[in-house]
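Bear in mind that the values in this text are calculations on the coordinates, not laboratory data. Quick caveat: nothing in here was measured; it's all calculated off a predicted structure. Note: ideal-geometry Cβ built from the backbone for every residue, glycine included; neighbour counts use all protein chains shown.
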């Protein structure tokens, strides 16, 4: 059996990695934005109904949502390029959901 150190020192002896899977980045980003919005809503309710200080946690939620919006803008601008790359590389396609 090969040790981790041996595989680290000799990467050519490793098994090939799995094929990348093509995913819809917009769905993943929107799911993340939804989680940040839900967390902010829960913290807002907690902040209004208790004496707990949640301002710093709300700043974290706002930062996460802001980064998500930046990711959404990046995805919009680069969609054609990363999908074209996916067409030229052998990728595993995610099953279509209807």
What is the spin-label model distance, in nm, from residue 75 to residue 26 if the labels are put 7 Å beyond Cα along the C-beta direction? 0.9
Tell me what the chain gives for mean residue ellipticity at 222 nm when only DSSP H runs of n ≥ 4 count, each as -39,500 (n - 2.57), the sum divided by the residue total, rounded to 500 deg cm²/dmol. -23000 deg cm²/dmol
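To the nearest whole percent, what portion of all C-alpha pairs in the range 22-90 is separated by more than 14 angstrom? Could the numbers behind the result be given before it?
Working: 1526 of 2346 pairs.
More than 14 Å apart: 65 percent of the Cα pairs in the range 22-90.
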Cβ-Cβ FRET estimate between residue 3 and residue 85, R0 fixed at 35 Å, reported to 0.05: 0.50
Principal-axis tilt of helix 25-49 within the chain, Cα atoms, nearest 10 degrees: 30
Once the Cα atoms of helix 55-88 and of the chain are each reduced to a long axis, what angle between those two axes, in degrees from 0 to 90 to the nearest 10, is obtained? 30
